[in-house]
């Protein structure tokens, strides 16, 4: 599993195609939101911009992970190796988590600056929300990117498959982030954090169990 | 007596309403080398993918090394060379082999990688990205990847394609040596002469069915072409049995 993760990160470090394109996309979304709310940006707008940037960039990033395996039929190389297909899922999911964490390190500070919000005292909780949102989103997109990569209209299919499923995660993440970027307390977001944690467990387990049926033709 | 390396009983695979392979009975024992001939769409690649456990059968039974259940651990004993090279263009030749060595748990990986690069004459290109390789070089590296973990069963799908005549001879040498070492080889090819050079058994697939098998000895290439013409039909011969 670590070999697959290390290989994916090595290729990403070498090409820098994934993170750079995702960062540009995230920045563009933040700028558009900033232009839309020039006078009085609210924490809700900031949270919406933050997670919209994350979802758009994250969906593309997850697809890229499997396009890499499509070239030269590399997925067959993984499937014919003596490892549980669930480990391929975990490696791919962790790869997405790492890349999206890098994206969050770029996008969250920009959101704070662009929308003039200061979550200083609640930064730790915001990091928890970002991490849980990242893990759940990566679990869903990793599973469905493995399916959609074999379809001709994959660019259309992945968002169609993923977005309805990640709605609970997005609602929880946006609600929690809006409170943490505004004046809300950590106690107010605890219920949303529980929703995020439950979502992560359910979809990580689903990916673990179902991935074999996705990759085995 | 050791169980057969491959035992297929009424093995079949469908894709929706299309039967790619139907009711195939096949036994391959340790040390056998089997050439599978047939026109495009005959089911050769489907059969190899079933044997490599990439595809799951929709009908029949497949036992590999006598095991009724196709466990992941069993794949350590199988080396597959497919239509795709399974190689990452952005990694170097050595990095690709190191990655597969880690996946297959190869001991002394660095030494084995160096050995395999030397075997396929790519030592000088070990630190070049695979993206810069010619088709023939990529095919040779793919062969090194398939042999890397010293598998007992080699599944080779069109191994001679994309190779120049000198590289074909070199590949024949490698496969003949592997056969002498007791490896079991199953290969598909349109190249009857090269296939028979390496293999001691042959079958012809057509329309997803085995229409001919050689028994324990293969005919001469010229005789094999006649058999192929008879079993597959004149129209396929010009295109497929070069």
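The values are calculated or read from the model by the stated rules, or taken from the named source; none is laboratory data. Keep in mind the model is a prediction, meaning the values are calculated, not measured. No Cβ is skipped: glycine too gets one built from the backbone with ideal geometry, and neighbour counts run over all protein chains shown.
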Residue check for residue A:100: surrounded by 24 or more Cβ atoms within 10 Å (Cβ to Cβ) and in a helix (DSSP H, G or I): yes
Output for the range B:185-210, where each listed residue is within 15 Å of residue B:175 (Cβ to Cβ) and in a strand (DSSP E or B): B:185, B:186, B:187, B:188, B:201, B:202
Near pairs, Cβ below 6 angstrom, 6+ apart or cross-chain, from the range A:8-28 (closer than 24 Å to residue A:74 by Cα and within 12 Å of another protein chain (Cβ to nearest Cβ)) to any residue that is in a helix (DSSP H, G or I) and at pLDDT 80 or above: A:8/A:95; A:18/A:12; A:18/A:61; A:18/A:64; A:18/A:99
Residue A:161, sole failed condition from (1) more than 14 Å from the chain's Cα centre (by Cα); (2) buried (at least 22 other Cβ atoms within 10 Å of the Cβ): (2)
Sole exception among (1) more than 16 Å from the chain's Cα centre (by Cα); (2) within 14 Å of another protein chain (Cβ to nearest Cβ); (3) part of a helix (DSSP H, G or I); (4) crowded, with 20+ Cβ neighbours inside 10 Å for residue A:46, by number: (2)
Unmet criterion (only one of (1) free of Cβ contacts under 8 Å to residues at least 60 places away in the same chain; (2) touching a helix residue (DSSP H, G or I) at 6+ places or on another chain (Cβ under 6 Å); (3) closer than 30 Å to residue A:186 by Cα) for residue A:137: (1)
Strands (runs of 3 or more DSSP E) contained in the range B:6-105 and holding at least 3 residues within 14 Å of another protein chain (Cβ to nearest Cβ) and in contact with a strand residue (DSSP E or B) (Cβ under 8 Å, 6 or more places away or on another chain): B:78-81
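Out of curiosity, is residue B:141 touching a strand residue (DSSP E or B) at 6+ places or on another chain (Cβ under 9 Å) and in contact (Cβ under 8 Å) with a residue 40 or more places away in the chain?
No, not satisfied.
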Meets criteria (over 15 Å from the mean Cα position of the chain (by Cα), surrounded by fewer than 20 Cβ atoms within 10 Å (Cβ to Cβ), away from every other protein chain (no Cβ under 14 Å) and more than 21 Å from residue A:210 (Cβ to Cβ)) for residue A:106: no
Hey, residue B:231 farther than 26 Å from residue B:12 by Cα and in a helix (DSSP H, G or I) or not: no
Positions within the range A:67-87 being crowded, with 23+ Cβ neighbours inside 10 Å and more than 10 Å from every other protein chain (Cβ to nearest Cβ), in sequence order: none
Residue among A:36, A:6 that is at pLDDT 90 or above and more than 19 Å from residue A:207 (Cβ to Cβ): A:6
Matching residues in the range B:114-142 - criterion: being touching a helix residue (DSSP H, G or I) at 6+ places or on another chain (Cβ under 7 Å), closer than 22 Å to residue B:78 by Cβ and either assigned to a helix (DSSP H, G or I) or in the same structural domain as residue B:170 (by TED's automatic domain parsing) (or both): B:116, B:117, B:119, B:138, B:140, B:141
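Return yes when residue A:161 is closer than 14 Å to residue A:55 by Cβ and either away from chain B (no Cβ under 14 Å) or outside any helix (DSSP H, G or I) (or both) and no when it is not.
So residue A:161 passes the test.
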Any hit, the range B:126-135, residues being more than 14 Å from chain A (Cβ to nearest Cβ), surrounded by 15 or more Cβ atoms within 10 Å (Cβ to Cβ), in contact with a strand residue (DSSP E or B) (Cβ under 7 Å, 6 or more places away or on another chain) and farther than 20 Å from residue B:199 by Cβ: yes
Out of A:153, A:172, A:197, sole residue that is more than 14 Å from chain B (Cβ to nearest Cβ) and either without any contact (Cβ under 8 Å) to a residue 24 or more places away in the chain or under 30 Å from residue B:53 (Cα atoms) (or both): A:153
Number of the condition not met by residue B:165 [criteria: (1) over 18 Å from the mean Cα position of the chain (by Cα); (2) in the same structural domain as residue B:103 (by TED's automatic domain parsing)]: (2)
Residue in the range B:136-149 that is over 14 Å from residue A:77 (Cα atoms), more than 14 Å from chain A (Cβ to nearest Cβ) and surrounded by fewer than 23 Cβ atoms within 10 Å (Cβ to Cβ) present: yes
Within the range B:17-54, tally of residues that are farther than 19 Å from residue A:217 by Cβ and touching a residue at least 60 places away in the same chain (Cβ under 8 Å): 16
